Structures are given as structure tokens and as C-alpha cells.
């Protein structure tokens, strides 16, 4: 009886941790990206923006999952959040490969242009920094921000997935049984 109670507690802990990670990972990575852009002055390239969209989606699914966590189907929202986190990580992995010269990628610039006169738009284009996707503007231990997004996102998504899988495992498994 005590063993079943411990397993039930471990499953609840695993589920709560999965929900927390599904919210924390995209929130912290988006926060880091926005901090690096607006505080550190690291202008994002087009692929940097691509990595942000799945994190925004993951954040939305994680928040919905947390708000409905007492429902059994809320786990599906966290699985979807984990998939979105993994997608961002895979885009980051592709981007890191472009930065390291492992393969060709998109090298266009990301220039936000607002409406107005032709002269104002031309000034915005001419004064905007050209941000290349194949040059890492910052690295730590030889790993770029895109590389860290890959590592944290894919690792985090797999962790969330495994925690949810454990929390949903049927009772009577081989937990502590001797063979």
C-alpha cells in the first residue's frame, strides 16, 4: 500500500514538473531573446524570429494546460507545448548549423519597416543594420544563442514528454519489482 502511495506521489510530481517546464522553458528562452535584443543590442536575424514563434505557441498551450490541469485532457495541451518547444529547438539547430558553416541557409536580413512616405521607408532601409543568419553575433563556450536554443529546447521537450509519459503510466508496472 505504501509503495502505491509513493508511486502515485511520484506520478503527480512528474506531471507537475512537466507542466512547470512547459511554461518555464519557452518563457525563459523568449525572455533571454528579448533581453539580448533590447538590452544587449544583439539584433535578431530572420531565423532568430522563426525560433520565437513556436515558443510563443508553447507558452499559450502551457498556460491553457495549467489553467485546466485538473482535467485529464490538459496533458494533451502540454504534449502540444512540448512539440512546439521541440520545433523551436530544431529551427535553432538548423540555424546553428548555418552559423557554423555546416550547411547553407537563409542569409536575408530582417528589417522592420513601417509605412509612411517612400523617403521615410528608404531611410529606414538604409539605416537598419544588416543581420546575417550565417554569422553568430554572440557565443559562449563556442555555442551560439541558436545552439543553446537547440540544446535547451530539444532537451526540455524530451524531458517534458518523458515526465508526462511516466505520470500517465498504468499502475502495476515494474516499479521496484524484482524479476
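The values are calculated or read from the model by the stated rules, or taken from the named source; none is laboratory data. This one's a predicted model, so the numbers in the text were calculated from it and none came from an experiment. Neighbour counts run over all protein chains shown; Cβ positions are idealised from the backbone, glycine included.
Restricting attention to the range 90-105, report how many residues are touching a residue at least 12 places away in the same chain (Cβ under 8 Å) and in a helix (DSSP H, G or I).
The total comes to 9.
Taking the criterion of being part of a helix (DSSP H, G or I), farther than 29 Å from residue 105 by Cα and modelled with pLDDT of 90 or more, would at least one residue in the range 5-18 satisfy it? Outline the logic, then answer.
Just the residues of the range 5-18 that are part of a helix (DSSP H, G or I), to begin with: 5-18.
Right, trim to farther than 29 Å from residue 105 by Cα and you get 5-18.
Narrowing the set further to residues that are modelled with pLDDT of 90 or more leaves 17-18.
Yes: one or more hits.
Pull out all pairs, ordered by first then second residue, where Cβ-Cβ is under 6 Å, the residues are six or more apart or on different chains, the first lies in the range 37-62 and is without any contact (Cβ under 8 Å) to a residue 12 or more places away in the chain, and the second is surrounded by 18 or more Cβ atoms within 10 Å (Cβ to Cβ).
37/44
Would you point out the residue of the range 32-56, among those that are at pLDDT 95 or above and under 18 Å from residue 151 (Cβ atoms), that is surrounded by the most Cβ atoms within 10 Å (Cβ to Cβ)?
55
Quick test of your reading of the structure: residue 122 fulfils all but one of (1) closer than 30 Å to residue 75 by Cβ; (2) modelled with pLDDT under 75; (3) in a helix (DSSP H, G or I). Name the failing condition by number.
Against the list (1) closer than 30 Å to residue 75 by Cβ; (2) modelled with pLDDT under 75; (3) in a helix (DSSP H, G or I), residue 122 comes up short only on (1).
So in the range 163-174, with the set limited to residues that are assigned to a helix (DSSP H, G or I) and within 12 Å of residue 78 (Cβ to Cβ), which one is modelled with the highest pLDDT?
In the first step, residues of the range 163-174 are kept if they are assigned to a helix (DSSP H, G or I); the result is 163-167.
Of the ones still in play, those that are also within 12 Å of residue 78 (Cβ to Cβ) are 163-165, 167.
On the way: 163: 94, 164: 91, 165: 91, 167: 86.
Once the filter is applied, the top-ranked residue is 163.
Can you name the condition, by its number, that residue 77 falls short on among (1) part of a loop (DSSP other than H, G, I, E, B); (2) touching a helix residue (DSSP H, G or I) at 6+ places or on another chain (Cβ under 8 Å)?
Failed condition: (1).
Would you mind finding the one in 131, 111 that is assigned to a loop (DSSP other than H, G, I, E, B), surrounded by 13 or more Cβ atoms within 10 Å (Cβ to Cβ) and at pLDDT 65 or above? Reasoning before the result, please.
Numbers: 111 fails: at pLDDT 65 or above.
Exactly one of 131, 111 is assigned to a loop (DSSP other than H, G, I, E, B), surrounded by 13 or more Cβ atoms within 10 Å (Cβ to Cβ) and at pLDDT 65 or above, namely 131.
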